[in-house]
Amino acid sequence: MRLHAGGYLTFYLPQRKSPMELHLAQPILLIAILQKYRIPKSEVQLVSVNGTQVDLETALVVDRDEVQIVSGVDGG
Amino acid sequence: MIGQSEKILRINLSDGSIETEILADEFYKLYPGGKALAGFILLNEMPANTPVFSPENVLVIANGLLTGAPVSTATRYVVSARSPLTNSYGESEAAGFWGPELKMAGYEAIVVKGRAEQPVYVWIQGDQVEIRPAEHLWGKQTAEVQELIRQELGDEKIRVLQIGPAGENLVRYAGITNDLRHFNGRNGMGAVMGSKNLRAIAVRGDQRYQSKAHDPDSLLGLGRKLAKSVRENPLSWDLQQRGTPGIVEPLNKGGILPTRNFRQGVFENVDSIKWEVYEKELLTARRSCYACAVRCKREVSLNGEVSRYGGPEYETIGAFGPNCAVGDLQVIARANELCNAYMLDSISTGATIAFAMECFEHGLIDLEDTGGLDLRFGNGEAMLVMIEQIALRQGLGDLLAEGSLRAAEAIGGEAGFFAIQVKGQELAMHEPRGKYNVGMGYAISEIGADHLVVAHDPALANSESITFKSAIPLGIEEAQPVRSLSAEKMKHFYILEKWGSFEKVVGFCFFGPAPRSFIHPDDVLLAVNAATGWNQDIAGLLKIGERATNMARIFNLREGFSRKDDTLPERIFQGLENGPLQGEPYPRHEFQEALSTLYALKGWHPESGIPTRERLRELSLEWAEELLPEKAE
């Protein structure tokens, strides 16, 4: 699975690099991956799996998925 | 101490007089620079209905009390006058090095009146102030002028604030640049300078801010702490890594990337203009403003050469990219170069060209009008030609140089619907249908559509987020959805508007204080008190901001503006054409209710929008009562 971080969420990924590659042996809740890497769900505003927006709390992901998490985005 | 015996420089270009004025300490405490000082001067020294290009239009360039402090993001100054684009209170801020240098030269502000008979520039070196001829600079692009001034004065470290040919030609959204890389883009302040035949103000100073501070050790300690913390906060870290261009793709993902003149929220060619492409194709270095550890400025290379103008920010990418449907980052970067060489506001330029593209596609203007240019959405080369025509007022560019509102009135028909503006100023590249308080900011801002009135809605949408928690000291209590106009949301707006206005008074960048970025309100307070010894509290800082906002409001009321002008373009009240928010309008009825709620919070009459006498007294603005229209209570 590839986890792409948008907005300021790259900050929370290992080495602060996006995307992060993960090998998943079986389907897993996305929220569990966020917890494992200490990515605070309070900072995640939008989640999509393979281009479709999903609910962070219930999304199941598998090894071939492209997952995007995006923080709120301010102006400037 | 900072705040004591602050000086302003008064220049009259009609008679060549130059005077210095010392501000009373008690006065400065109420109007501590920036937006507050400028608002006071404009209200008290310029009669209502002053023609924008007349010598009587007063141009104020004002530092904030913290501008030049050794604290990251405290670098900004305000340029203010009656705006040629909106006919309202005009204002535009910029960061960089020029404001701190003016402070080092000993001045808090410059007030320019009159009009020089021939082009001139001003040279300030401490107490030595000269008005010098500038005929040899007139008509030249900004990079050449900066070089010529530095050569002429024999010092490569001189900081140069200047307009470009667009300001000389009175393009109503001409801007001002300093050091070629920092911009007072919005509201046509460059055209006001041009109308005064004032091409540039060059400055050199040698005073250190901290030598005048009340508690220099605390200030320096705070500065060091903040410099270290930039990389420990996700928001400021992201600004350092990617800068504003990093938000292109996330906005598109959320369906709120303004596309094809705000018809759509998703751009099909976003992959060609996203940050990864910018980093690979354009980026050469990350640059900074004075004493700022955020380093959000991008340096880029074009055609193998490092640009002297810096790289395009998000607003520029948005305006010339998706909003004109141009998916070519090289073309967008060239558009950025042209705007900065001629010194045009890239937001209004891109938005006005997008307006013209939509008019062209609907047959309201044709090939004869465009001089044969195929001005359809997506034609990047035509867009580049049009930028030069606007700056030089050639062909159709002469009409577009008036801004989209005036151009629409001249074109007629449904062109007015395609002019995406408020009070005459074009919307920045943030989609109000996905961020309702941003929409409220566009509507109510005294300068026309402005995206920097309040921190954007996502910052306060989740009570567990770092941005929400950082706003609690300001009085924020309850998280609110981004697409809500509830009474609680209006409370957010009211508090954040005061905070944002305070930032514009004291010289902080939008990318410094929380909730947008990393500086906690307590540290903002510490900076003010260490500089001045005032012993302020957060409520006092918010009051400074509210006072400044009310002066700008009074300026507009005096010019005939009213509640009917606090609105949004008709298109925004209709649904987006694509993306996750397809079909979703900005809710018209709720907007009117929210506006009434907000007026009440601000102490403004619900119908007329005029501040009540009680609120003016709370803000120590009793003197302004006589300037109000008769409906005041």
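The values are calculated or read from the model by the stated rules, or taken from the named source; none is laboratory data. Note that the coordinates shown come from a computational prediction; the quantities given were computed from them, not determined experimentally. For neighbour counting, all protein chains shown are included, and Cβ atoms are generated from backbone atoms with ideal geometry for every residue, glycine included.
Here are the numbers for this structure:
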{"item": "Filtered residues of region B:202-215 (kept if surrounded by fewer than 24 Cβ atoms within 10 Å (Cβ to Cβ) and in contact (Cβ under 8 Å) with a residue 12 or more places away in the chain)", "result": "B:R204, B:G205, B:D206, B:Q207, B:R208, B:Y209, B:Q210, B:K212, B:A213, B:H214, B:D215"}
{"item": "B:F493 being farther than 19 Å from B:G34 by Cα and aromatic (F, W, Y)", "result": "yes"}
{"item": "Residue within region B:327-347 that is more than 14 Å from every other protein chain (Cβ to nearest Cβ) and assigned to a strand (DSSP E or B) present", "result": "yes"}
{"item": "Criterion violated by A:T52 - all others in (1) exposed (fewer than 14 other Cβ atoms within 10 Å of the Cβ); (2) modelled with pLDDT of 95 or more; (3) within 14 Å of chain B (Cβ to nearest Cβ); (4) farther than 21 Å from B:E276 by Cα satisfied", "result": "(2)"}
{"item": "Of all residues in region A:39-76 being of a type in the set (G, A, S) and within 30 Å of B:C509 (Cβ to Cβ), the one that is farthest from the chain's Cα centre (by Cα)", "result": "A:G76"}
{"item": "Matching entry among B:A449, B:A428 (being within 14 Å of chain A (Cβ to nearest Cβ), surrounded by 24 or more Cβ atoms within 10 Å (Cβ to Cβ) and either on the phi > 0 side of the Ramachandran plot or touching a His at 6+ places or on another chain (Cβ under 9 Å) (or both))", "result": "B:A428"}
{"item": "Residue tally, condition of a type in the set (G, A, S) and over 12 Å from the mean Cα position of the chain (by Cα), over region A:1-35", "result": "1"}
{"item": "Region B:379-400, residues that are assigned to a loop (DSSP other than H, G, I, E, B) and either of a type in the set (A, V, I, L, M) or within 21 Å of B:G188 (Cα to Cα) (or both)", "result": "B:R393, B:Q394, B:G395"}
{"item": "Exclusive hit being more than 14 Å from chain A (Cβ to nearest Cβ), part of a loop (DSSP other than H, G, I, E, B) and either under 23 Å from the mean Cα position of the chain (by Cα) or not hydroxyl-bearing (S, T, Y) (or both), set B:R376, B:R406", "result": "B:R376"}
{"item": "Residue in region B:458-476 that is surrounded by fewer than 24 Cβ atoms within 10 Å (Cβ to Cβ), within 14 Å of chain A (Cβ to nearest Cβ) and within 22 Å of B:E315 (Cβ to Cβ) present", "result": "no"}
{"item": "Residue under evaluation B:A319, criteria (1) closer than 19 Å to B:F418 by Cβ; (2) more than 14 Å from chain A (Cβ to nearest Cβ); (3) assigned to a helix (DSSP H, G or I), criterion not met", "result": "(2)"}
{"item": "Any hit, region B:599-609, residues being at pLDDT 95 or above, assigned to a loop (DSSP other than H, G, I, E, B) and closer than 30 Å to A:S48 by Cβ", "result": "no"}
{"item": "Members of region B:1-33 that are part of a strand (DSSP E or B) and closer than 20 Å to B:Y89 by Cβ", "result": "B:I8, B:G33"}
{"item": "Cβ-Cβ under 8 Å pairs, at least 6 apart or on other chains, region B:307-322 side under 22 Å from B:E426 (Cα atoms) and free of Cβ contacts under 8 Å to residues at least 60 places away in the same chain, far side among the polar types (S, T, N, Q) and buried (at least 23 other Cβ atoms within 10 Å of the Cβ)", "result": "B:T316/B:N336; B:T316/B:S346"}
{"item": "Yes/no for A:K36 being basic (K, R), over 30 Å from B:F511 (Cβ atoms) and either within 14 Å of chain B (Cβ to nearest Cβ) or surrounded by fewer than 17 Cβ atoms within 10 Å (Cβ to Cβ) (or both)", "result": "yes"}
{"item": "Residue satisfying condition, being more than 14 Å from chain A (Cβ to nearest Cβ), touching a residue at least 24 places away in the same chain (Cβ under 8 Å), surrounded by fewer than 24 Cβ atoms within 10 Å (Cβ to Cβ) and not β-branched (V, I, T), within set B:L576, B:L595, B:L581, B:L525", "result": "B:L595"}
{"item": "Helices (runs of 4 or more DSSP H) enclosed by region B:210-315 - at least 2 residues per element that are more than 28 Å from B:G583 (Cα to Cα) and either more than 10 Å from chain A (Cβ to nearest Cβ) or modelled with pLDDT under 95 (or both)", "result": "B:216-229, B:275-281"}
{"item": "Residue in region B:91-101 that is surrounded by 19 or more Cβ atoms within 10 Å (Cβ to Cβ), assigned to a loop (DSSP other than H, G, I, E, B), hydroxyl-bearing (S, T, Y) and in contact (Cβ under 8 Å) with a residue 60 or more places away in the chain present", "result": "no"}
{"item": "Complete set of residues in region B:247-298 that are of a type in the set (S, T, Y) and within 30 Å of B:E358 (Cβ to Cβ)", "result": "B:T259, B:S272, B:Y278"}
{"item": "Failed criterion for B:A36 (all others in (1) in a loop (DSSP other than H, G, I, E, B); (2) under 23 Å from the mean Cα position of the chain (by Cα) hold)", "result": "(1)"}
